[in-house]
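These notes are about the structure you will find just below.
The values are calculated or read from the model by the stated rules, or taken from the named source; none is laboratory data. These figures come from a predicted structure and were not determined experimentally. Cβ coordinates were reconstructed from backbone atoms using ideal geometry, including for glycine residues, and neighbour counts include every protein chain displayed.
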Amino acid sequence: MSLLTIGINHKTAPVAVREQVAFAPEHLDQSLRALHSLQGVNEAIILSTCNRTELYCRISDITSVDEIVRWMEEHHELPAAELDPFVYTHLGRNSIKHLLRVACGLDSLVLGEPQILGQLKASFQDARHAGTMGRQLGRLFQHAFSVAKQVRTDTAIGESAISVAFAAVNLAKQIFGDLSGQTALMIGAGETIELATRHLHTNQIGKILVANRSLERAENLASQFDGEAFTLPALAERLHEADIIISSTASPLPILGKGAVERALKRRKHRPFFMVDIAVPRDIEPEVGELDDVFLYTVDDLQEVIDESLKSRREAAEQAEEIIDQRVEEFEGWLRGQGAVDMITQYRNKAQQTQDAVLEKALRMIDQGKSPNEALQYLAHTLTNKLTHEPTTNLNLAAREGRLDMIENARELLGLDSESKTPLKKKS
């Protein structure tokens, strides 16, 4: 059996491809069960964010790799030719290391960003709820959470507040300068939007509006920053009030279209819009970016802004890589131990069956009138012979074949005194 990761991310695929393979939260449970039902897939976890879609599996057959890729294409109704060039695959040790790097933010668009850890934990809970996560993936993800905590404690990877949300606000500052006279419209109420709102508030944004499908969640977020909340149906009427628009929802279809933005621009007398679409699939139609007086950025466009903030984190990232290499070894040791655990369980079960059979016969001897002493002698003699027969037979065979390594390993395994051993001659 092997651990497997199959996915695409911001490094291998543009947002136009990533949004096509994103898993909708409301259908994730069904998707997990469908993936888990594939031949050879013993465990499954799905991670789906704006920057990556990854399938983590424990498989029993290497041929399952191609089948899982085909399933992902069929699930999203994509021809193989459109997806295959962007897909990466990691097996065994590489899969373990990849997850640890993802958890620590080393594979993120923003080096060391902490949001991905929360998204991994959510994926972990989703798989647990769907019943598609077993012992190995469960232990691997918990190990990844532990490694991420160690990296943040032992390195400076998380000291500066860098994230996609931070990059969006930093770009807004470059465009507008002083934000105190601007109004920001936040579409959505999730973690990324909350983080962006906090950055805007810290930079003294003039006014904050929050639009969300759930009015209660919008109000909860807006109330923290003296903002105003409303639901998505009111978006078209309120759009013209905003100078900065940052959107990140889980909507499968765009929320803002070209027509709505054109009407809002007329009401604004063509004062420019600055828009950042962090969502995957996109919340804002790409055609909006073609309009005059609209500056539209996607998560891919934020790369240059983010690069400026990476210098202080590179040394910390090197330290993190060293920690990860050590912790990969640790997890591989645990995996190897699981093979021994299974063998020990099998051996003990076999010994128990032997004991039960001999004991049953000894008790039957007493029932048939034999003395307890005779039954006990039978029990001790027979049980000892049965438990030692197969090992001694195999040791004799190993000795005849000159397999001295096996003899020495058996001596250690059986706890025999090495000082009293009879010298063995290697077979010529």
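Could you list all residues from segment 351-406 that are β-branched (Val, Ile, Thr) and out of contact with any Ser or Thr (no Cβ under 8 Å at 6 or more places or on another chain)? THR354, ILE366, THR382, THR384, THR388, THR392, THR393, listed by residue number. Of all residues in segment 242-277, exactly one satisfies the criterion of being of a type in the set (D, E, K, R), within 19 Å of LEU232 (Cβ to Cβ) and in contact with a strand residue (DSSP E or B) (Cβ under 8 Å, 6 or more places away or on another chain), namely ASP277. If you filter segment 118-132 down to residues that are crowded, with 19+ Cβ neighbours inside 10 Å and not polar (S, T, N, Q), you find that the one that is nearest to the chain's Cα centre (by Cα) is LEU120. Being of a type in the set (D, E, K, R), under 20 Å from GLU322 (Cα atoms) and free of Cβ contacts under 8 Å to residues at least 60 places away in the same chain is a condition met by at least one residue of segment 107-120.
For segment 410-421, a residue qualifies if it is in a helix (DSSP H, G or I) and either at pLDDT 85 or above or among the basic types (Lys, Arg) (or both), and exactly one does: ARG411.
Of all residues in segment 226-273, which are of a type in the set (Phe, Trp, Tyr) and surrounded by 21 or more Cβ atoms within 10 Å (Cβ to Cβ)? The one that is of a type in the set (Phe, Trp, Tyr) and surrounded by 21 or more Cβ atoms within 10 Å (Cβ to Cβ): PHE273. Among the residues of segment 317-361, those that are among the β-branched types (Val, Ile, Thr) and more than 19 Å from the chain's Cα centre (by Cα) comprise VAL341, ILE344, THR345, THR354, VAL358. Elements of the type helices (runs of 4 or more DSSP H) sitting completely within segment 166-244 and holding at least 3 residues that are under 23 Å from CYS50 (Cα atoms): these cover 191-202, 215-223.
A count restricted to segment 343-378 and to residues that are basic (Lys, Arg) and under 25 Å from LEU413 (Cα atoms) stands at 2. For segment 364-373, a residue qualifies if it is on the phi < 0 side of the Ramachandran plot and surrounded by fewer than 13 Cβ atoms within 10 Å (Cβ to Cβ), and the qualifying residues are ARG364, ASP367, GLN368, SER371, PRO372, ASN373. Quick check: is even one residue across segment 327-345 in contact with an Asp or Glu (Cβ under 8 Å, 6 or more places away or on another chain) and at pLDDT 90 or above? Checking segment 327-345: not a single residue is in contact with an Asp or Glu (Cβ under 8 Å, 6 or more places away or on another chain) and at pLDDT 90 or above.
Taken over segment 289-303, residues that are surrounded by 20 or more Cβ atoms within 10 Å (Cβ to Cβ) and over 19 Å from CYS50 (Cβ atoms) amount to 1.
Annotation: LEU109 fulfils all but one of (1) within 24 Å of ASN42 (Cα to Cα); (2) in contact with a helix residue (DSSP H, G or I) (Cβ under 7 Å, 6 or more places away or on another chain); the unmet one is (1). Check off (1) of a type in the set (D, E, K, R); (2) more than 24 Å from GLU330 (Cα to Cα); (3) surrounded by fewer than 19 Cβ atoms within 10 Å (Cβ to Cβ) for ARG135 and give me the number that stays unchecked. Going through (1) of a type in the set (D, E, K, R); (2) more than 24 Å from GLU330 (Cα to Cα); (3) surrounded by fewer than 19 Cβ atoms within 10 Å (Cβ to Cβ) one by one, ARG135 breaks only (2). In segment 298-314, the condition of being of a type in the set (Val, Ile, Thr) and in contact with a Gly (Cβ under 9 Å, 6 or more places away or on another chain) is met by at least one residue.
Residue-wise test of (1) surrounded by fewer than 21 Cβ atoms within 10 Å (Cβ to Cβ); (2) more than 22 Å from LEU296 (Cα to Cα); (3) among the polar types (S, T, N, Q).
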site	(1), (2), (3)
PHE166	no, no, no
SER180	yes, no, yes
ILE187	no, no, no
GLU191	yes, no, no
GLN224	yes, yes, yes
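Close Cβ contacts (under 7 Å, 6 or more residues apart or on different chains) running from residues in segment 317-346 that are in contact (Cβ under 8 Å) with a residue 12 or more places away in the chain and under 17 Å from GLY112 (Cβ atoms) to residues that are of a type in the set (Ser, Thr, Tyr) and surrounded by 10 or more Cβ atoms within 10 Å (Cβ to Cβ) comprise GLN319/THR155; ALA320/THR155.
Is it fair to say HIS90 is touching a residue at least 40 places away in the same chain (Cβ under 8 Å), more than 14 Å from VAL147 (Cβ to Cβ) and more than 15 Å from the chain's Cα centre (by Cα)? No: the conditions fail for HIS90. Of the strands (runs of 3 or more DSSP E) contained entirely in segment 1-114, those carrying at least 3 residues that are touching a Leu at 6+ places or on another chain (Cβ under 6 Å) and surrounded by 18 or more Cβ atoms within 10 Å (Cβ to Cβ) fall at 41-48, 52-59.
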